[in-house]
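Peer 1: I have a structure I would like to understand better, so I am pasting it below and will then ask my questions one at a time.
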Amino acid sequence: MTGGELLIQCLMAQGVKVIFGIPGNQLTPVYESLYKHQDEIQHVLGRHESSVAFMADGYARSTGNIGVCMTIPGPGASNAHVGLGEASTDCVPVLLITSQNESRFAGRETSKMFHGLDQKRALAPVTKAMASVLHAEEIPEAVTHVFSALRTGRPRPALLEISSDAIATEVDAPVPPMVSPPESGPYDTAPLAKLISKAKRPLILAGAGIHHTKAHTELQQFAEAIQAPVFTTILGKGAIPEDHPLLLGRCRSNLAHEAFDSADFLLAMGTRFTQMDTGGWSMKLPEIWAHIEADPTEIGREYEPTVGFAAPPKLILQQLLKKTLPSSSDEWQEQIRRWRKEHEGAAKPRVIDILRKAIPRDAIVSVDVHITGYAMHRHFPTYQPGTFLYPGIYVAMGYGLPAAIGAKLAHPERMVIALAGDASFMMSSMELATVAQNELPMVIILSNDNSLTSIRGSQEARFGATLGVDVRNPDFMAYAHAFGIDAIRVARQETFLPALQVALASGGPFLIELTPEVFREF
């Protein structure tokens with residue numbers, strides 16, 4: 001078999017079901033093998049390399065599995081950099097596969113070669129692991145290496161580059177078995193259990209590590225056992241159902257500041273204490289607190305914990321649940337109920353409320369960077385993990401539509417909604433072609449005010465005028481129709497729900513354009 005066939009067999013052995021990519025001549029032997037294995041592994045053609053990386057990201061976030069994208073070397077790999085940057089800062093397991101020049105040119109200056117790029121140097125800041133293959137027989141070991149990294153500790157992207165002649169060469173090599181996360185534990189949780197037992201006013205902060213280790217059930221059971229309120233980070237949204245009586249919202253709210261000031265113990269799980277979550281590291285933590293985080297380099301990096309565990313949160317929670325731990329004080333539980341009532345009573349934008357009530361609990365919502373998106377993160381209730389996709393740290397515009405495509409291909413049975421502003425939508429709007437070509441029944445909600453609205457506000461506040469924020473858009477109805485996608489423009493709030501119902505019932509892709517009069521309440 002060729003190196004390309006060996007690569008595809010290795011990927012299938014690792015459980016890969018979908019590859020998002022754009023072909024190139026150096027990858028033709030790989031595509032030959034993909035053609036042979038179409039019943040086992042699906043290839044989805046994107047229209048831009050940043051988009052295929054976003055698609056792999058959406059696939060990974062919505063499933064908890066590894067998302068795979070593939071591009072040509074050089075410009076293809078560098079275009080994917082934005083998507084890998086988002087996956088890197090948000091800790092999403094995305095694998096980029098690309099080719100490289102022939103092995104006989106190894107050591108030559110890359111800038112003198114066809115599609116020349118030192119891909120390892122270029123992508124080092126946004127990847128956790130890399131493997132370069134010069135000879136076909138090295139493919140199995142390289143695949144094992146990158147998948148081991150992707151499945152160990154806190155996830156980030158990985159790069160696998162293979163020389164064009166290795167892909168085409170005939171080879172006889174074994175296909176390695178699926179890589180499993182290394183076993184760890186048990187851990188000595190007695191010091192942590194002692195702190196929890198002494199706490200009368202415990203508090204829980206849940207981050208993306210809950211998603212990575214699939215610790216959602218354990219988190220909810222533990223919070224209920226000790227009757228502790230739960231706040232989530234930006235990327236921890238959905239770690240516990242947002243209609244649960246112990247969930248009090250995101251950790252940057254005024255209510256969170258009050259709770260942090262009142263608590264006598266904090267258990268932080270799966271969080272890196274990012275700038276976004278801590279308000280530029282101005283957040284004040286309780287004097288006594290514990291940190292559970294799979295990445296050992298994060299323990300004590302931003303805040304020094306009383307007790308720290310470099311371990312998957314799921315394993316620590318499982319051990320704690322075997323112990324008999326006391327509940328919080330009656331006064332604390334009463335305070336939690338008051339806070340929960342305050343949280344439930346917070347005003348929600350009407351259009352967001354309409355959207356939430358119109359779609360199932362397990363619907364997946366992919367939100368781009370725009371005014372609507374900021375409000376969605378604060379006000380849109382999320383009930384299941386992997387159902388709210390949001391570029392929370394890198395904040396890359398153009399994310400919403402392609403990530404929704406990745407999620408829809410992962411979950412064809414679920415409802416998928418993409419939300420974007422006019423400017424963010426235009427950064428990846430070519431992927432309407434991908435939606436149409438794959439006949440994906442999803443709804444795109446586009447907020448259009450012909451403006452970079454949040455930037456406009458900051459400029460007006462700063463110098464009383466604006467520059468570069470007025471956007472000339474196409475007729476989005478005609479634009480969607482050009483791809484064969486149904487569309488409707490909503491100019492009054494009372495017509496949003498009927499339009500949404502039509503879109504959801506259409507059975508195909510559908511674009512809803514909201515004018516400023518409708519989405520202003522977001």
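Bear in mind that the values in this text are calculations on the coordinates, not laboratory data. If you're wondering where the values come from, they're calculated on a predicted model, not measured in any experiment. We place every Cβ from the backbone using ideal geometry, glycine too, and count neighbours over all the protein chains shown.
Peer 1: Mind listing the long-range amide H neighbours of Q227? Cut-off is under 5 Å, sequence gap 5 or more, other chains count too, H placed in the peptide plane at 1.01 Å from N.
Peer 2: The list, which skips near neighbours in sequence, is S328.
Peer 1: Determine one quarter of the surface area of the Cα convex hull of segment 3-168, which equals its mean projected area, and express it in nm² to one decimal. Write out the running numbers ahead of the final one.
Peer 2: Details: hull surface 33.2 nm².
Taking a quarter of the hull surface, the average projection is 8.3 nm².
Peer 1: Oh, and also: Can you work out the Karplus-derived ³J(HN,Hα) for every residue in segment 397-406? Use 6.51 cos²θ - 1.76 cosθ + 1.60 with θ = phi - 60°, whole Hz, and x for glycine or proline.
Peer 2: Ordered by residue, 3J(HN,Hα) equals 5, x, 6, x, 5, x, 5, 5, 4, x Hz.
Peer 1: Shifting gears a bit: Please list the non-local residues whose amide H lies under 5 Å from the amide H of F265, H modeled 1.01 Å from N, same-chain partners needing a gap of 5 or more.
Peer 2: Those qualifying (amide H under 5 Å, at least 5 residues apart or on another chain) are R201, L203.
Peer 1: Going by Cα centres, segment 477-499 and segment 221-259 are how many Å apart?
Peer 2: So the separation of the two Cα centres works out to 36 Å.
Peer 1: Can you tell me the order of 290-300, 230-240 when each peptide is scored by its average per-residue count of other Cβ atoms within 10 angstrom, highest first?
Peer 2: 230-240, 290-300
Peer 1: Hey, another quick one. Determine, for each peptide in 73-80, 118-125, the mean count of other beta carbons within 10 angstrom over its residues, then list the peptides with the highest first. Numbers along the way, then the final one.
Peer 2: Numbers: 73-80: 22.5, 118-125: 15.4.
For the peptides 73-80, 118-125, the packing ranking is 73-80, 118-125.
Peer 1: Averaged over all directions, how much area does the convex hull of the C-alpha atoms of segment 190-345 cover when projected, in nm²? Let's see the in-between values first.
Peer 2: Details: hull surface 31.2 nm².
With every direction weighted equally, the projected area is 7.8 nm².
Peer 1: Same structure, new question: Could I have the simple spin-label model distance between E287 and E170, label points 7 Å from Cα toward Cβ, reported in nm to one decimal?
Peer 2: 7.6
Peer 1: On to the next question. What does the net charge come to around V94 if you take all other residues with beta carbon closer than 14 Å to its beta carbon, with K and R at +1 and D and E at -1?
Peer 2: Numbers: positive: R61, K128, R151, R154, R156; negative: E49, D57, E86, D90.
Neighbour charge sum, excluding V94 itself: +1.
Peer 1: Turning to a different aspect of this structure: Work out how much length A122 to H244 would gain on full extension: take 0.36 nm times their residue separation and subtract the Cα-Cα distance, in nm to one decimal.
Peer 2: Working: separation 122, 0.36 × 122 = 43.92 nm, distance 4.39 nm.
39.5 nm is the gain from fully extending A122 to H244.
Peer 1: Near D57, within a Cβ-to-Cβ distance under 14 Å, what is the net charge of the other residues, with Lys and Arg +1 and Asp and Glu -1?
Peer 2: Numbers: positive: R61, R156, K408; negative: E49, E86, D90, D368, E431.
Spelling it out: positives minus negatives among the neighbours equals -2.
Peer 1: Something else now. Determine the shape class of segment 313-392: with a ≥ b ≥ c the square roots of the Cα gyration tensor eigenvalues, call it rounded for a/c under 1.5, and otherwise prolate if a/b is greater than b/c, oblate otherwise.
Peer 2: Details: a/c = 2.68, a/b = 1.54, b/c = 1.73.
Oblate, because a/c is 1.5 or more while a/b does not exceed b/c.
Peer 1: Quote to one decimal, in nm, the extra length available between H257 and Q384 on full extension: 0.36 nm per residue of separation minus the C-alpha distance between them. Intermediate values should be presented prior to the final figure.
Peer 2: Details: separation 127, 0.36 × 127 = 45.72 nm, distance 2.53 nm.
Full extension of this stretch gives 43.2 nm more.
Peer 1: In addition: From the phi of every residue in segment 499-505, what ³J(HN,Hα) in whole Hz does the Karplus formula 6.51 cos²θ - 1.76 cosθ + 1.60 yield, where θ is phi - 60° and glycine or proline is x?
Peer 2: These are the phi-based 3J(HN,Hα) values: 5, 5, 5, 4, 4, 5, 8 Hz.
Peer 1: Within the set of other residues whose C-beta is less than 15 Å from the C-beta of Y31, count the net charge using Lys and Arg as +1 and Asp and Glu as -1.
Peer 2: On the way: positive: K36; negative: E5, E32, E40.
Once positives and negatives cancel, what remains is -2.
Peer 1: Listed highest first by mean packing, meaning other Cβ atoms within 10 Å per residue, what order do 489-496, 352-359, 47-54, 400-407 come in? Can you show the working numbers first?
Peer 2: Numbers: 489-496: 14.9, 352-359: 16.9, 47-54: 28.1, 400-407: 31.4.
Top to bottom by mean Cβ count within 10 Å: 400-407, 47-54, 352-359, 489-496.
Peer 1: So what's the projected area for the chain, the Cα convex hull averaged over all directions, in nm²? List each step's numbers first, then the result.
Peer 2: Values: hull surface 101.7 nm².
Its average projected convex-hull area is 25.4 nm².
Peer 1: How big is the antiparallel share of DSSP beta bridges in the chain, given as a percent to the nearest 5?
Peer 2: Details: 2 of 62 bridges.
Expressed as a percentage, antiparallel bridges in the chain total about 5.
Peer 1: Using +1 at the Cβ of each Lys and Arg and -1 at the Cβ of each Asp and Glu in the chain, identify which of V126, S164, Q493 lies farthest towards the dipole's positive end.
Peer 2: So the residue we want is Q493.
Peer 1: What residues qualify as long-range amide H neighbours of M130, i.e. H under 5 Å apart, gap of 5 or more or another chain, H built at 1.01 Å from N?
Peer 2: L159
Peer 1: Gain in length, Y187 to L321, computed as 0.36 nm per residue apart minus the alpha-carbon separation, to one decimal in nm? Could the numbers behind the result be given before it?
Peer 2: On the way: separation 134, 0.36 × 134 = 48.24 nm, distance 1.32 nm.
Separation in residues times 0.36 nm, less the Cα-Cα distance, equals 46.9 nm.
Peer 1: Next question, about the same structure. Say each of N450 and R350 gets a label point 7 Å from the Cα, pointing the same way as Cα to Cβ; how far apart are those two points in nm?
Peer 2: In this crude spin-label approximation the distance works out to 2.5 nm.
Peer 1: Nearest 500 deg cm²/dmol is fine: what mean residue ellipticity at 222 nm does the chain get from its DSSP H runs of n ≥ 4 alone, each adding -39,500 (n - 2.57), divided by its residue count?
Peer 2: Using -39500 (n - 2.57) per qualifying helix, the result is -11000 deg cm²/dmol.
Peer 1: Can you list the HN-Hα couplings for segment 425-440, worked out from phi with the Karplus curve (6.51, -1.76, 1.60; θ = phi - 60°), rounded to whole Hz and with x for Gly and Pro?
Peer 2: So the J values, rounded to whole Hz, are 4, 5, 6, 9, 5, 4, 6, 4, 5, 5, 4, 5, 5, 9, 6, 8.
Peer 1: Putting +1 on Lys and Arg Cβ atoms and -1 on Asp and Glu Cβ atoms, find which of L219, S447, L246 reaches farthest to the positive end of the dipole of the chain.
Peer 2: Of the options given, the answer is L246.
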